[in-house]
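First comes the structure, then the notes that go with it.
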Amino acid sequence: MEIANWLMILAVFAGPIVAVRLTRYLDNKKEVRERKLMVFKTLMATRAIPLSPSHVEALNKIDLEFNPKVKKEKEVIEAWKAYLDLLATTNIPQDQWIIRRVDLLVDLLHKMAQVLDYGFDKTTIKNSSYYPRVYGEVEEIQTAVRGWVKQLIEQKSAIPMYVTNFPPLKQPEED
C-alpha cells in the first residue's frame, strides 16, 4: 500500500476523533470563561451593595474560577487576598476602612476586567454604579432595629411602656 492510502485511512479514523476532542476543548474553554464572567458581572452589579448575599458568594468563587498559574489571573487572586485581608481587619477607624475597602474592591474589579477583556478603567468602576440613597437609609433603620431586638433578647433593654389614658373610675353603686 502506498503512503497516500495510509494517510487516507488515518484521516478517516482520526478526523472525527480530533474534531470531537477539539470541540470539547473549545466548549470547556468557553465554560471556564462564562464562569469567570458570571463572577465578574455579579460583583460589578453588586459593587455598591457589599453585604448582598450574591456579592459575598461571587467573592468566594474567585479562588475557584481564576487560575493562579496564569499571570493576569494570579493578579486577580492577589487583589482578592488583599481585599479579603482588609475585610477581616478591625483595627482601622471605620471611615478609613470604608475608603480602603472601596479602593481594594475597585482594584480587584479592574484586574478582573483586564482578564476578561473589558475596557473599564478604575474611575468608571468606582463611580458608575447606582445605589439609591433610600437603600442606605433603609439599611440603617434595619440595622438599628436588629440591634434593639438583640438587646431585648439579651435582656439588656426593655420596651418602654406608658399609660396614656386611664379608664374612667366607676362610682360605687348605692343600695
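Computed from the coordinates by the stated procedures, all read-outs in this text should not be read as laboratory data. Given the structure is predicted, the values throughout are model-derived calculations rather than measurements. No Cβ is skipped: glycine too gets one built from the backbone with ideal geometry, and neighbour counts run over all protein chains shown.
Once label points are set 7 Å from the Cα along Cα→Cβ at both Ser157 and Trp97, what is their separation, rounded to one decimal in nm?
Here the answer is 2.0 nm between the modelled labels.
Let me have the relative contact order for the chain, percent, based on Cα pairs under 8 Å that are six or more residues apart.
16
Based on Cβ point charges of +1 for Lys and Arg and -1 for Asp and Glu, what charge dipole magnitude is obtained for the stretch 1-133 about its Cα centre, in debye rounded to the nearest 20?
So the dipole magnitude of the stretch 1-133 works out to roughly 140 debye.
With a 10 Å radius around each residue's Cβ, average the other Cβ atoms per peptide and rank 16-25, 124-133, highest first.
Ranking the peptides 16-25, 124-133 by packing returns 124-133, 16-25.
First check a/c for the stretch 30-93, with a ≥ b ≥ c the square roots of the eigenvalues of its C-alpha gyration tensor; if it is under 1.5, answer rounded, and if not, answer prolate when a/b is larger than b/c or oblate otherwise.
oblate
Taking Cα atoms, how many degrees apart are the long axis of helix 53-65 and the longest axis of the chain, rounded to 10 and kept between 0 and 90?
The angle comes out at about 30 degrees.
Grab the beta carbon distance between Leu116 and Glu2, set R0 = 41 Å, and tell me the FRET efficiency rounded to 0.05.
Rounded to the nearest 0.05, the efficiency is 0.20.
May I ask for the distance between the Cα centers of the stretch 101-125 and the stretch 138-175, given as a whole number of Å?
50
Which one of Ile77, Pro16, Trp6 is farthest out on the positive end of the charge dipole of the chain, using unit charges on Cβ (Lys, Arg +1; Asp, Glu -1) and the Cα centre as origin?
The listed residue farthest towards the positive side: Trp6.
Mind putting a number on the dipole of the stretch 113-175 about its Cα centre? Charges go on the C-beta only, +1 for Lys and Arg and -1 for Asp and Glu, and I need it in Debye to the nearest 20.
The dipole magnitude comes to about 480 debye.
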